[in-house]
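What follows is calculated from the coordinates using simple rules that are stated; it is not laboratory data. Note that this is a predicted model, so its numbers are computed, not measured. Counting neighbours? That spans all protein chains shown, and the Cβs are built from the backbone with ideal geometry, glycine included.
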Amino acid sequence: MIFGNRTLAVHLLRGAAGFAALYVAIRFVGTSGWPSLLLAGVALWMLKGCPMCWTIGLFETLAQTVFRAADSKSP
């Protein structure tokens with residue numbers, strides 16, 4: 001997994017934090033330059049790239065969760 005996480009909860013928490021940081025960075029870019037730039041970096045780190053990368057990671061995490069559950073049920 002390149003963009004995914006070990007658990008769905010971790011991935012969703014990273015996404016929520018990343019999108020919140022991205023929103024604040026864009027919202028206050030005109031009034032505070034450096035904090036917005038730092039928050040944009042935090043958002044990129046939390047989302048593991050862009051919002052599309054986070055979405056791809058969501059699908060990877062879901063697939064990994066389904067495959068892990070199927071492997072644990074097989075004899």
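Mean residue ellipticity at 222 nm, helices only, the chain: -26000 deg cm²/dmol; runs of at least 4 DSSP H residues each add -39,500 (n - 2.57), and the sum is divided by the number of residues.
Compared with the dominant principal axis of the Cα atoms in the chain, helix 33-46 is inclined by about 0°.
For Ile2, Ile26, which order do you get if you count the other beta carbons within 10 Å of each Cβ and list the fewest first?
Lowest count first: Ile2, Ile26.
Cβ-to-Cβ counts within 10 Å put Arg14, Arg27 in ascending order as Arg27, Arg14, the fewest first. Between (i) 15.5, 60; (ii) 12.6, 35; (iii) 15.1, 48, which entry matches Rg and Dmax of the Cα atoms in Å as derived from the coordinates of this structure? Correct label, based on the coordinates given: (i).
For region 55-66, the Karplus equation 6.51 cos²θ - 1.76 cosθ + 1.60, evaluated at θ = phi - 60°, returns couplings of 5, 4, x, 4, 5, 5, 5, 5, 5, 5, 5, 5 Hz by residue, with Gly and Pro reported as x.
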